[in-house]
Amino acid sequence: MHAIGAPATPRNWDLYRTAVVDIRFGDRAVRIAPRPPGTAEGFFPVPDGSGAAVHVITAWNPRGRTASDDANARAHRVLLDEVRHRGLTPWPAVGGDASGTHREESVAVTGLSDAAARDLGRRFGQDAVFSWTPDAWRVLACESGAVAVSGWAASVRAPARAGAE
């Protein structure tokens, strides 16, 4: 993984660069993990050639401060409403460290540009959002132009529980 450009990075940048994200696509749960640049292994949910990115955005713990469960749940509902208002279909997602010690409920969407995803993240007080394309996994800083680029591996996880949201 390497950073592109010289813009300032958020305090927790290294944690974002090593984070994993679990996304539920219908009955398939997929974990995306960063890998060395140029690596692209496993399931990618968008048809080849579409050029679409999957962006992962959270509303949890704005400004890097731990919020209460209730505050995080309210912020997540507002994020879901905003995504739906924009006509986007959210996939349930959870981002965090690989050990599962820290996890944040998130949404994954297609149909946003990187700039729009950053704007949405910034609206919810976030340091960064993720952008997943067929050839890269990128961490996009919301307040600056900083980008960390890596490869990715997506592995199918245990089937998601029926009715879980």
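General remarks:
- Of all DSSP bridge pairs formed entirely within the chain, close to 95 percent run antiparallel.
- Dipole check for the chain: with +1 at the C-beta of Lys and Arg, -1 at the C-beta of Asp and Glu, and the Cα centre as origin, the magnitude is about 140 Debye.
- When peptides 80-92, 13-25, 30-42 are ranked by their average number of other Cβ atoms within 10 Å per residue, the highest-first order is 13-25, 30-42, 80-92.
- The ALA67 and THR110 beta-carbon pair, evaluated with R₀ = 30 Å, returns a calculated FRET efficiency of approximately 0.65.
- If R0 is 30 Å, the Cβ-Cβ spacing of PHE25 and ALA98 corresponds to a FRET efficiency of close to 0.90.
- Fully extended contour minus Cα-Cα distance, from VAL46 to ASP119, at 0.36 nm per residue: 24.0 nm
- Label point distance in nm, ASN12-ASP81, each placed 7 Å from Cα along Cα→Cβ: 2.4
- Other-chain or far-sequence residues with amide H under 5 Å of THR39's (modelled H): GLY151, TRP152
- Read-out semi-axes √(5λ) of the Cα gyration tensor in Å, derived from the coordinates shown; its label in [x] 46, 26, 13; [y] 21, 20, 16; [z] 24, 17, 15: [y]
- The listed peptides 53-59, 135-141, ordered by packing as a protection proxy, come out as 53-59, 135-141 (highest mean of other Cβ atoms within 10 Å first).
- Neighbourhood net charge (11 Å Cβ-Cβ; Lys/Arg +1, Asp/Glu -1) for ALA146: +1
Bear in mind these aren't lab numbers, they're just calculated from the coordinates by the rules spelled out. Keep in mind that this is a model prediction, so the values were computed, not measured. Cβ sites come from the backbone with ideal geometry, for glycine too, and all protein chains shown count toward neighbours.
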